[in-house]
Amino acid sequence: GVVDCLFIDSDGKAVLVDYKTDRLSPEEMQDKALAAKKLISRHGDQLYTYRDMCAEMLGRDIDRLLIYSLALGDIIELT
């Protein structure tokens with residue numbers, strides 16, 4: 001895999017974003033929590049691996065871990 005986007009925001013926080021093109025059901029499109037559950041279950045392990053890898057490379061923690069769902073046009077934050 002390849003990290004899609006990693007940046008330091010204006011507050012100095014390290015932010016990792018992964019873009020996802022998964023299709024979502026009409027129900028998931030209407031309920032962001034339902035969509036988040038699906039996307040995190042599918043891609044969470046990948047994102048946590050990216051987080052750990054990037055933190056090691058940067059020598060600092062990753063402050064925010066985000067999925068940007070192209071279907072939703074919105075972000076989902078992983079904790």
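Key figures
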quantity	calculated
Accessible solvent surface per residue of the chain, calculated while the other protein chains remain in place, 1.4 angstrom probe, Å²	64
FRET efficiency estimate (nearest 0.05) - Cβ-Cβ, T49 to D22, R0 25 angstrom	0.85
Share of carbon and sulfur in the accessible heavy-atom surface of segment 39-79 [1.4 Å probe, %]	48
Solvent-accessible area of D74 with every protein chain in place, 1.4 Å probe, in Å² to the nearest 10	60
Sparse-neighbour loop sites [trypsin sites (Lys or Arg not before Pro); the chain; at most 16 other C-beta within 10 Å; DSSP]	K13, R23, R60
³J(HN,Hα), Karplus 6.51/-1.76/1.60, whole Hz, each residue of segment 4-13, x for Gly, Pro	6, 7, 9, 8, 9, 7, 5, 8, x, 8
Estimated 222 nm signal from helices in the chain, with DSSP H stretches of n ≥ 4 weighted -39500 (n - 2.57), rounded to 500	-13500 deg cm²/dmol
Dipole of the chain [Lys/Arg +1, Asp/Glu -1 at C-beta], most positive-end residue of C54, S25, G12	S25
List T79, T21, T49, ordered by accessible area with a 1.4 Å probe, largest first	T79, T21, T49
Cα centre as origin, Lys/Arg/Asp/Glu Cβ charges: the chain dipole, Debye	140
Among beta bridges that DSSP assigns inside the chain, antiparallel share in %, nearest 5	60
Degrees, to the nearest 10: 32-58 long Cα axis against longest axis of the chain	10
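The values are calculated or read from the model by the stated rules, or taken from the named source; none is laboratory data. Keep in mind the model is a prediction, meaning the values are calculated, not measured. All Cβ positions, even for glycine, are placed from backbone atoms using ideal geometry, and neighbour counts span all protein chains on display. Keep in mind that these areas ignore ligands, DNA and RNA; they rest on the heavy atoms of the full protein, side chains included. Shrake-Rupley method; radii C 1.70, N 1.55, O 1.52, S 1.80 Å.
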